[in-house]
1. Would you mind listing the strands (runs of 3 or more DSSP E) fully within the range 16-116 where at least 3 residues are assigned by TED's automatic domain parsing to the domain that holds Leu133?
2. Tell me whether the range 294-303 contains one or more residues that are surrounded by fewer than 22 Cβ atoms within 10 Å (Cβ to Cβ), modelled with pLDDT under 95 and not basic (Lys, Arg).
3. Suppose the filter is surrounded by fewer than 16 Cβ atoms within 10 Å (Cβ to Cβ), charged (D, E, K, R) and in the same structural domain as Gln271 (by TED's automatic domain parsing); does Lys259 pass it?
4. With the requirement that a residue be in a loop (DSSP other than H, G, I, E, B), more than 15 Å from Ser75 (Cα to Cα) and among the small types (Gly, Ala, Ser), what does the range 117-162 give you?
5. Considering only residues that are assigned to a loop (DSSP other than H, G, I, E, B) and without any contact (Cβ under 8 Å) to a residue 40 or more places away in the chain, which ones fall in the range 163-189?
6. Within the range 190-235, how many residues are at pLDDT below 95, part of a helix (DSSP H, G or I) and farther than 19 Å from Asp147 by Cα?
7. Could you list all residues from the range 140-178 that are aliphatic (A, V, I, L, M) and either at pLDDT below 95 or farther than 25 Å from Asn35 by Cα (or both)?
8. Being over 26 Å from Gln5 (Cβ atoms), in contact with a Leu (Cβ under 7 Å, 6 or more places away or on another chain) and in a helix (DSSP H, G or I) is the requirement here; does Leu272 meet it?
Amino acid sequence: MISLQDIQQARENIADIVHQTPILTSTQLSGLCGNHIFLKGEHLQKIGAFKIRGATNKVKQVVQDGGKLVTAASSGNHGQAVAYIANKLGIPATIVVPEDANPSKVAAIKAYGGKVEKCGFTSRERIPRAKALADQNNGIFIPPYDDSLIIAGQGTIGLEILEQVKDADIVVVPIGGGGLISGILTAIKETNPSVKVVGVEPESANDTYLSLQKGEITAIQETTTIADGLRTIQPGDVTFPIVQKYIDDIVLVSEAEIKQAMRIVLERMKQLIEPSSAVTVAATMFGKIKAKDKKIVCVISGGNVDLNQLDVFIR
């Protein structure tokens, strides 16, 4: 497992690249939720998502160790992050994406200097291809979440939250493969364990929820959800033990609830966030988190929305 010291070191490593993102508030949103709601705005992060934190921490180490090329398998944000930091550090990056990848995210990967290859529709297809490309070209595969340097980079969000909302009661975090929440859990629980951390998954992508219930990593069938960044089939080998050790609760939200939350944030706060981000707001809006008049920080993990699909997301 990673430690608080790993996250503090990551913060130093990425400071020249990554923004400290703001905390946003809305009186209307807080009223709807019956709590004092704070949004940690990683949608305003460089490349529009938190993924740049872990990618920067990892790719910097690769370059320091003499690496000359990186690959990644990603539905979008991780690929953008790897492409961005690789280009910044002067090495090539190839990103393997699914055939149905979000067009705006694919365009962004290319804009950041990454080469894109499409492969299949599942991580079971993408990851072996990305690893093979790395092997063929003497490169290094950059995992999306199941890696200690990636996790430590994402955990820097937890440090910022504790500094920005000093008396927070609850932090709510989206769960995909678990890199984000395991990093935030480590940062918060090893600094101030009285702060509760609650994870959120879509009902149709509930692999971590089921794994916690069963006490072991449990895979689900390939699924669909508008929260495409959370569409994993099982938690990671590195991330899951951290989640098991520290998490206070995990809740599920429906597709309709995600859409409503996304719409409320757009209407009331004028912030365009991804469906994968909106799950945390949905959990607070629809009573999934049993709290009243508490200070709740919802992690808004990204804002890279395909505008051609916006009407589908919020109608």
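1. Answer list for the range 16-116: 70-73, 93-97.
2. Among the residues of the range 294-303, at least one is surrounded by fewer than 22 Cβ atoms within 10 Å (Cβ to Cβ), modelled with pLDDT under 95 and not basic (Lys, Arg), which makes the answer yes.
3. Taking the combined requirement at face value, the residue does not satisfy it.
4. Within the range 117-162, Gly139 is the sole residue that qualifies.
5. Result: Lys166, single match.
6. Residues in the range 190-235 being at pLDDT below 95, part of a helix (DSSP H, G or I) and farther than 19 Å from Asp147 by Cα: 1 in total.
7. Residues satisfying the conditions are Ile140, Ile142, Leu149, Ile150, Ile151, Ala152.
8. no
The values are calculated or read from the model by the stated rules, or taken from the named source; none is laboratory data. The model shown is predicted, which means the values in this text are computed figures rather than measured ones. Here Cβ is always computed from backbone atoms with ideal geometry, including for glycine, and neighbour counts include all displayed protein chains.
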